[in-house]
Amino acid sequence: MSPDDLVVTPLGCRFRGRLFPCSIGRGGVSTTKREGDGATPVGTHHIVGAAFRADRMAHPFRGRRGAVPMTAIRPGDIWSDDGTDPAYNHGLNAPDHPYSHEKMRRADPLYDLILMTDWNWPKAVPGKGSAIFIHQWRKPGHPTEGCVAFDPGVLIWITRNLSARSRLIVKPF
């Protein structure tokens with residue numbers, strides 16, 4: 001582990017010498033993550049990309065190159081959570097997608113800024129779990145569906161301070 005890593009523990013998330021409160025999945029942490037169990041998967045996960053709502057916030061890197069590729073979330077952007085979908089655990093722009101999926105452009109602010117991890121990606125195993133993101137929390141202590149979530153200001157600070165080597169490390173509790 002290095003200071004570049006986000007390390008999730010029962011006390012919160014350590015990053016760059018600081019400890020931030022965070023929320024994890026309603027199912028706790030798990031070494032046997034399955035689709036729909038609400039658990040945050042234990043392990044070391046690379047941060048492979050980021051996305052933001054340009055209609056709600058300024059570009060998080062403020063015009064400079066960031067540590068991870070950043071894209072704008074567009075109308076019709078989704079993330080497949082259906083193990084029978086050939087695009088399972090991948091993002092695509094498909095407003096009328098026939099398989100179960102999450103809309104990335106949400107009415108609430110949870111996905112205004114997301115960091116994507118490589119959990120079960122890019123070669124997704126059906127049923128192993130999808131859409132393990134780092135995103136904004138609903139409120140302190142409110143669980144996620146398996147993601148790691150932060151206060152919006154903390155999430156922006158983390159995003160701006162990532163390095164190309166940064167990883168999300170979830171320790172067993």
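The values are calculated or read from the model by the stated rules, or taken from the named source; none is laboratory data. The shown structure was predicted, so the numbers you read here are calculated from the model rather than taken from an experiment. Note that each Cβ is placed from the backbone with ideal geometry, even for glycine, and that neighbours are counted across all protein chains shown. When the accessible area is computed, the model is the full protein with side chains, heavy atoms only, and any ligands, DNA or RNA have been set aside. Shrake-Rupley method; radii C 1.70, N 1.55, O 1.52, S 1.80 Å.
Structure values in brief
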read-out: Top of S80, S30, S100 by mean-square fluctuation, Gaussian network on the chain, Cα under 10 Å; value: S100
read-out: Helical contribution to [θ] at 222 nm, DSSP H n ≥ 4, -39,500 (n - 2.57), averaged over the chain, rounded to 500; value: -1500 deg cm²/dmol
read-out: Selection from V68, Y99, S30 lying farthest towards where the dipole of the chain points positive, charges on Cβ; value: V68
read-out: Segment T44-T9, length gained on full extension (0.36 nm per residue, minus Cα span); value: 11.3 nm
read-out: Charge sum, other residues only, whose C-beta stays under 11 Å from Y88's C-beta, Lys/Arg counted +1 and Asp/Glu -1; value: -2
read-out: Total formal charge among the other residues, if their Cβ is under 12 angstrom from that of D112, Lys/Arg +1 and Asp/Glu -1; value: +2
read-out: Matching label, Cα extents along the principal axes in Å computed from the structure shown, candidates (i) 45, 39, 28; (ii) 64, 34, 27; (iii) 40, 37, 30; value: (i)
read-out: Accessible solvent surface per residue of the chain, calculated while the other protein chains remain in place, 1.4 angstrom probe, Å²; value: 48
read-out: Accessible surface of the chain, 1.4 Å probe, proportion on carbon and sulfur as whole %; value: 55
read-out: Loop sites in segment 76-173: trypsin sites (Lys or Arg not before Pro), DSSP, at most 12 other Cβ within 10 Å; value: K123, R165
read-out: Cut-off 14 Å between beta-carbons: net charge of the residues surrounding I78, Lys and Arg +1, Asp and Glu -1; value: -2
read-out: Cα centre as origin, Lys/Arg/Asp/Glu Cβ charges: the chain dipole, Debye; value: 720
